[in-house]
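Scroll down for the structure; my scribbles are underneath it.
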Amino acid sequence: MRYNDKSKTISARNKSREQTTTVTKSQTSTIRQQNFDDKLKRRKRRSTFTTLLALCVFVIFSFWIHLLVNFYNHGSIDHNRGHDDSSMIKKDTSSLHYENPTSNDYVTMYGKHRFHQAFNELPKWLQEYFIWHRSQTLSSSETTKYIVLACLPEDDKCGGLSDRLRPLPFYLFIAKYTNRVLCIHWEKPFGLDNFLQPIPDIGVDWRCPRDVKDMYDITYKIEKQPKVHTYLFLYCREKIKTPLVPCVENQIKKLNDDEDKYVSLDLVAHSIDNINNGNMLVQRHSYESFMPNVGYWTYPDMMTNIFRVMFEPIPTLAKRINETMTSLGLVENEYVSVHVRARYPTGRLKKLLGKHGSNDADKKGILKFEGEVKDHLSEIMKNAIRCGALSAPDLKVFFVSDHNEASNYMISNDVDIGNGTMVRPIGVHREEQSLHMDGNHNQVSDIAAFFSVFEDLLIMGGSRCVSHGIGSFGSFGAVLSGNHCRTVHRKHNGPPVDCPNNRGYKNLVPINASQMIFGEQPGGEGKINLDKARNVLSSNLEKVNSAVSMSALSQTKSEMNDSGSLSESQDFSYLTMYGKHRVNSSLSSLPRWLQEYAAWTRKVTNPSSNDTSSTKYLVVHCHSGFRCGGLSDRLRALPFYLLVGKLTSRVVCVYWTKPFGLEKFLEPPEGGIEWRCPSDVPKRGPYYHRFHNCNDTPLVPCTESGIKTLRAMEDRFIVIDVERGSDCINDMNMIFQRHSYVDVMPEVSQWQHIELTGHIFR
């Protein structure tokens with residue numbers, strides 16, 4: 001019984017335990033499921049939080065990367081915009097979205113305010129091309145074709161900034177004749193649009209479409225590209241010796257037959273001669289009858305307007321230029337720029353450094369400014385500053401060099417420019433060398449490292465006069481300033497040249513139809529007229545009747561013959577070259593205004609027919625204490641003095657006492673002009689006027705002002721002179737010629753007398 005009870009108790013206990021165990025297992029399973037669900041929810045929340053956090057970090061990181069890129073690009077233009085905006089110039093191609101450049105900080109020398117004047121001064125063909133170019137870039141299509149001016153990392157013939165842009169007129173000319181949009185794609189060292197930009201809203205967009213970058217393989221040179229064919233212009237002239245005109249015509253025809261959307265264009269060897277030949281061809285199609293010669297590193301004059309139609313500095317660079325000019329006190333057209341290419345590998349530098357050393361000095365900037373190198377460069381730089389200072393003596397001298405230590409040295413020291421006059425040039429003090437854009441700069445990641453190159457160039461472009469030496473960079477600055485006042489202080493092989501000299505003068509050459517492509521002829525509508533471009537004395541002075549053909553001059557010699565003989569003239573032994581038998585022949589070869597002036601002079605200086613006491617004179621004098629020059633120097637400006645005499649109704653007379661009077665050696669011929677001064681002429685005139693001596697006034701208004709002043713003077717005798725310097729005399733004689741020829745006139749340079757001097761003398 002006990003056993004059974006106990007068994008029942010145990011059995012009940014076990015049953016209860018089993019029930020308890022069953023309940024416990026069920027509860028545990030439920031709890032575990034709940035815990036698992038909770039953990040899963042927590043993991044999901046953590047995963048969501050982590051994802052959101054990562055996304056936030058990514059957005060913030062991307063934002064800062066964007067800011068940094070913009071900072072290091074210093075305002076460069078992004079061609080890869082993918083959104084639509086009302087401020088965009090939107091192209092039709094889906095791969096192409098350009099943003100209109102932002103107007104830069106105001107720079108007086110470049111920008112929208114200079115666009116229209118520059119555009120209007122270009123030849124008609126180039127105006128038409130720019131209009132067409134803009135229409136194509138605003139609404140391009142799949143049929144739009146391009147000429148790409150490329151420079152890639154593997155190319156070794158790009159040259160620096162100036163060498164790349166000097167052929168630009170020729171490239172535009174080819175683009176015009178092939179109906180292709182010209183664009184610029186540089187990857188060495190950086191794109192040009194990191195420094196310059198198109199003129200906002202109205203300019204020519206020279207940036208290449210976005211897909212151009214994918215067309216070029218940067219591991220190949222430009223002429224070896226697998227996808228883009230490169231046309232090496234003038235190859236047929238350089239290698240096959242084909243004459244220039246058929247060579248260019250054949251290559252234009254090939255380009256016109258090419259259906260590729262993109263082609264590259266370059267000049268074979270990128271040599272100085274090929275660039276000059278290309279630019280001379282452009283000028284033959286741009287001027288009426290005569291054009292300026294282009295030699296060595298010279299730019300065509302029209303480049304000053306091409307640049308201002310196509311380019312302006314990006315805002316960051318414009319701001320930097322403004323700050324530099326403000327700190328130096330530079331105002332456009334009120335300073336002279338002097339450029340010295342110190343690192344150029346000339347013969348002397350090669351001798352001092354060796355061939356490899358001179359090349360490293362140029363492209364890598366490895367040149368110590370010490371010892372013989374310092375002495376050599378100092379001589380060159382001092383001469384360059386003298387040349388610049390003499391071109392405009394009262395203006396500041398802004399000094400630029402590709403060697404920072406040399407530049408820092410010069411702007412810290414005075415330079416003797418002659419006669420004890422000292423000049424202290426001003427410039428930018430730099431701690432590092434300016435980088436050459438054609439050098440190996442794979443390790444240079446900061447675009448701003450090249451800003452100094454553009455800063456120097458664009459500031460030079462605002463100066464009144466430029467003194468430069470070898471290389472094309474200084475010449476680039478000169479043409480941006482207008483090429484109106486240019487001095488070359490070095491020979492092309494390196495040695496310095498004293499100033500004043502004629503190396504910066506413009507030589508005019510006639511345009512020959514046989515040297516123009518596709519049978520075009522010189523002249524025609526819309527071409528540059530040199531006389532109009534240079535200007536003559538304006539119409540507020542009465543016109544001088546001088547537009548006479550040298551082959552069809554009116555005759556007034558009979559009027560001269562009726563005037564009688566000179567009262568004091570004596571007979572002399574017969575000379576075939578000079579004398580009264582040569583007067584009429586020479587007189588008939590002079591322009592009408594000078595014939596009339598000669599007749600008037602004879603009349604008012606003849607005491608038998610006129611009261612000479614009221615006659616007024618312009619006195620060309622030379623006395624002790626004056627720097628007169630020799631015989632030739634004194635008489636070389638005589639044609640200009642005669643023009644002033646005509647315009648002021650005064651007789652030009654010569655009064656020398658140093659060393660003796662001219663009449664001790666020469667006398668007026670019978671029937672000629674009486675040039676001797678009256679006996680009552682004072683040795684030192686009460687009034688003295690020197691022409692070509694206006695500090696801040698261009699030549700023509702300066703000359704007009706002088707003539708107006710002389711007209712208002714009542715003094716009987718006024719001494720006149722021309723500012724010392726061969727170029728000053730040439731400038732004044734060129735004014736004489738503009739009033740003496742119909743369409744074209746001979747160039748006057750160096751120490752030349754004008755061609756009419758022989759007849760004036762007789």
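The values are calculated or read from the model by the stated rules, or taken from the named source; none is laboratory data. Note that the structure is predicted; figures quoted are calculated from it, not measured. Neighbour counts are summed over all protein chains in view; Cβ atoms, including those assigned to glycine, are modelled from backbone coordinates with ideal geometry. What goes into the accessible areas is simple: the full protein's heavy atoms, side chains included, and nothing from ligands, DNA or RNA. Shrake-Rupley method; radii C 1.70, N 1.55, O 1.52, S 1.80 Å.
Worth a mention:
- Counted by Cβ distance under 12 Å from Tyr171, the other residues give a net charge of +3, where Lys and Arg count +1 and Asp and Glu count -1.
- Pairs of Cα atoms farther than 29 Å apart, segment 273-428, %: 36
- Ranked by the mean number of other Cβ atoms within 10 Å of their residues, highest first, the peptides 292-304, 467-479, 237-249 come out as 467-479, 292-304, 237-249.
- Distance from the Cα centroid of segment 726-741 to that of segment 252-284 is 37 Å (rounded to whole angstrom).
- Segment 220-237 and segment 395-444: distance between their alpha carbon centers, rounded to Å: 38
- For segment 170-285, the solvent-accessible area works out to 38 Å² per residue, with a probe of 1.4 Å and every protein chain left in place.
- Spherically averaged projected area in nm², based on the convex hull that wraps the Cα atoms of segment 633-696: 6.1
- Ranked by the mean number of other Cβ atoms within 10 Å of their residues, highest first, the peptides 285-291, 687-693 come out as 285-291, 687-693.
- Orientation-averaged projected area, Cα convex hull of segment 163-221 (nm²): 5.2
- This model, with +1 at the C-beta of Lys and Arg and -1 at the C-beta of Asp and Glu, gives segment 624-762 a dipole about its Cα centre of some 420 debye.
- Applying 1/(1 + (r/R0)^6) with R0 = 35 Å to the Cβ-Cβ distance of Asn606 and Ala513 gives a FRET efficiency near 0.10.
- Relative to the current alpha-carbon distance between Met422 and Lys227, full extension at 0.36 nm per residue lengthens the span by 64.2 nm.
- Relative contact order of segment 601-743, pairs being alpha-carbon contacts under 8 Å that are 6 or more residues apart, as %: 30
- Per residue, segment 317-466 exposes 43 Å² of accessible surface when a 1.4 Å probe is rolled over the protein heavy atoms with every protein chain present.
- Electrostatic tally near Glu379: other residues with Cβ closer than 12 Å to its Cβ, Lys and Arg +1, Asp and Glu -1, net +2.
- Segment 479-526-segment 121-177 distance, computed between alpha-carbon centres (Å): 23
- Shown is the FRET efficiency for Asn256 and Asn293, computed with R0 = 35 Å from the Cβ-Cβ distance and rounded to the nearest 0.05: 0.70.
- Per residue, the accessible area of segment 709-752 comes to 38 Å², computed with a 1.4 Å probe over protein heavy atoms only.
- 21 Å Cα-Cα threshold exceeded, pairs from Lys580/Lys603; Lys506/Lys527; Lys350/Lys506: Lys350/Lys506
- Burial ranking of peptide ranges 308-319, 665-676 (average Cβ count within 10 Å, highest at the top): 308-319, 665-676
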